[in-house]
1. Around Asp111, with a cut-off of 13 angstrom between Cβ atoms, what is the net charge of the other residues, counting Lys and Arg +1 and Asp and Glu -1?
2. Please give the per residue accessible area of segment 51-98, computed with a probe of 1.4 Å over protein heavy atoms only, in Å².
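The values are calculated or read from the model by the stated rules, or taken from the named source; none is laboratory data. Note that the structure is predicted; figures quoted are calculated from it, not measured. Positions of Cβ are generated from backbone atoms using ideal geometry, with glycine treated the same way; all protein chains shown enter the neighbour counts. Areas reflect the complete protein model, heavy atoms only, side chains present, ligands, DNA and RNA absent. Shrake-Rupley method; radii C 1.70, N 1.55, O 1.52, S 1.80 Å.
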Amino acid sequence: MRRRFQNKTFDEINITPLMDTVFFLLIIFMITAPLLEYSIDVSPPKMEAAEIKVDDFTKVVHVNKAKIIQFEKKTLTMQQLLNRLSELKRSPQGKRIKVYLRADRDLRYGDVIDVFKTIKRAGHGDISLVTETEK
């Protein structure tokens, strides 16, 4: 008596090991991507700044290291700055106004961004940061 073995052919590919590998790589990339972003040593370049041409459509906001805001030769709070810049934006020439933010180099980055956001909230989209010229 002879036994017959049936040879079945499989016409399907087992993708379980492939999916395991893909998920493993995905997890590795999710863990290492934030580490790569914050491990870069950033040294911003020195800039050859052009001189600011002051006219009726140029406004400069000054912030010193004591976080005192001066605008149009007056000391203002954040709210007063927001109100004054909003008034300027609503004026007939408000669309042409360019705002420069001049902050002390020893001021914290977050404090500069807070003033920047206040200027943006007042409706001014054309904002530039003032730098010193190289010597």
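1. Numbers: positive: Lys65, Lys67, Arg105, Arg108, Lys117; negative: Asp104, Asp106, Asp114.
That sum, taken over residues with Cβ under 13 Å, equals +2.
2. Numbers: 3530 Å² over 48 residues.
Result: 74 Å² per residue.
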